[in-house]
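Q: The structure that follows is given in the form of structure tokens.
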Amino acid sequence: MGQLDGKIAWVTGAGSGIGEAAALALAGEGAVLVLTGRRKEPLEEVAAKIKAAGGKAHVHPCDLTVAAEVDAAAEQIAQRLGRIDILVSNAGANIVDRHWNRITAEGIDTLIHFNLSSAMYVARAVMGIMRAQGGGLMIHTASMAGRNTGGFSGPGYQAAKHGVVAMSHSINQEECVNGIRSTALLPGEVNTPILKQRPNPLSAEELARMLQPEDTGEVIRWIACQPKHVCINEMWVTPAWNRSYVAALQRKL
Ligand SMILES: NC(=O)c1ccc[n+]([C@@H]2O[C@H](COP(=O)([O-])OP(=O)(O)OC[C@H]3O[C@@H](n4cnc5c(N)ncnc54)[C@H](OP(=O)(O)O)[C@@H]3O)[C@@H](O)[C@H]2O)c1
């Protein structure tokens with residue numbers, strides 16, 4: 001018996017990286033998964049893995065930067081499965097030309113829309129459903145860049161992720177009376193496809209030292225298994241070999 005037996009969990013960005021690992025971990029705990037991303041094929045592959053392990057998964061592709069698509073997706077999930085107990089709002093993106101010396105207005109729009117606007121669309125779409133059913137849990141994948149500035153991730157991404165952290169706290173401030181809990185998850189570097197957007201390619205050794213997607217999947221599973229009276233407001237999880245700290249130490253030396 002799983003701790004999440006029968007719970008409905010919607011994971012965005014579920015076709016790869018942290019979202020895939022979260023979906024597999026939640027399914028392993030008995031949750032019924034709804035998997036969202038823009039591309040259908042990776043979602044189908046994750047659904048097949050869940051089903052092969054005896055779990056249940058549905059695929060619902062959608063572009064989360066389009067508010068009407070997000071609203072429609074949330075409504076369809078609630079109609080089809082009856083409720084949404086857990087939201088893992090995890091989709092996000094970065095761009096190669098991310099620093100002030102190269103960033104374009106289009107790049108700024110991409111960073112804000114793909115990381116912040118879309119997360120707010122998803123939270124808003126799920127909010128009414130969670131209120132009506134008497135509560136629910138949201139886990140927002142922000143980033144260590146949602147607390148720190150400087151370093152690898154770039155100013156637009158950092159600004160958007162600071163927004164995601166603020167948004168998650170505001171949900172607890174306004175919705176705790178409705179049984180809604182929200183966690184801002186702040187990972188450091190995780191070895192996932194998003195790192196292919198780095199201006200400087202990473203070595204296999206550097207990737208191996210980072211958090212692996214399964215590490216964050218396990219953290220998300222743990223948060224989702226907390227009892228209803230416990231709210232994990234914010235969680236910051238990094239590799240022990242934290243490259244931004246290491247870089248600062250090396251500059252000092
Ligand atoms: N890896 C890290 O070091 C790290 C650290 C801190 C935080 N994060 C955050 O973790 C989250 C997951 O990223 P990841 O590292 O697992 O990278 P990833 O494998 O690239 O995952 C990002 C996912 O988001 C989906 N996505 C992007 N834009 C979308 C949109 N408009 N609509 C729907 N889905 C969309 C992508 O699927 P499609 O392309 O099919 O849409 C993809 O599956 C992101 O929010 C990222 O910012 C990552």
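Q: Given a Förster radius of 41 Å and the C-beta distance between Lys56 and Asp215 as r, what FRET efficiency does 1/(1 + (r/R0)^6) yield to the nearest 0.05?
A: Details: r = 24 Å, r/R0 = 0.60.
After rounding to 0.05, the efficiency reads 0.95.
Q: Let a ≥ b ≥ c be the square roots of the eigenvalues of the Cα gyration tensor of the chain; is it rounded (a/c under 1.5), or, if not, prolate (a/b larger than b/c) or oblate?
A: Values: a/c = 1.59, a/b = 1.47, b/c = 1.08.
Cα axes put the chain in the prolate bin.
Q: Which net charge results when you count Lys and Arg as +1 and Asp and Glu as -1 among the other residues whose beta-carbon is under 14 Å from that of Ala93?
A: +2
Q: Could you pull out the chymotrypsin sites (Phe, Trp or Tyr not before Pro) across the stretch 73-139 that fall in loop regions by DSSP (anything but H, G, I, E, B) with no more than 13 other Cβ atoms inside 10 Å? Could the numbers behind the result be given before it?
A: Working: sites: Trp100, Phe114, Tyr121; in loops: Trp100.
Here the sparse-neighbourhood loop sites are Trp100.
Q: If you plug each phi of the stretch 105-114 into the Karplus form 6.51 cos²θ - 1.76 cosθ + 1.60 with θ = phi - 60°, what whole-Hz ³J(HN,Hα) values come out, in order, with x for Gly and Pro?
A: Couplings: 4, 5, x, 4, 4, 4, 5, 6, 5, 6 Hz.
Q: In whole Å, how far is the Cα centre of the stretch 1-71 from that of the stretch 182-235?
A: 17
Q: Using only the Cα atoms of the stretch 101-175, build the gyration tensor, take square roots of its eigenvalues as a ≥ b ≥ c, and label the shape rounded, prolate or oblate: rounded if a/c is under 1.5, else prolate if a/b is larger than b/c, else oblate. Present the calculation step by step, with values, prior to reporting the outcome.
A: Working: a/c = 3.70, a/b = 2.04, b/c = 1.81.
Verdict is prolate for the stretch 101-175.
Q: Taking θ = phi - 60°, what integer Hz values does the Karplus form 6.51 cos²θ - 1.76 cosθ + 1.60 yield along the stretch 60-71, in sequence order, with x for Gly and Pro?
A: Taking θ as phi minus 60°, the curve returns 9, x, 5, 8, 6, 7, 10, 4, 5, 5, 5, 4 Hz for the stretch 60-71.
Q: Once you keep just the Cα pairs under 8 angstrom separated by 6 or more residues, what percentage relative contact order results for the chain? List each step's numbers first, then the result.
A: On the way: 498 pairs, mean separation 49.9, N = 253.
It comes to 20 percent, rounded to a whole number.
Q: Would you mind counting up the charge near Val165? Only other residues with Cβ under 11 Å from its Cβ, with Lys and Arg at +1 and Asp and Glu at -1.
A: Details: positive: Arg147, Lys161; negative: Glu234.
For residues surrounding Val165, the net value is +1.
Since every read-out is calculated from the coordinates, none of them should be taken as a lab result. Model, not experiment: these values are computed from the prediction. Quick reminder, even Gly has a Cβ in these numbers, built from the backbone with ideal geometry, and neighbours come from all protein chains shown.
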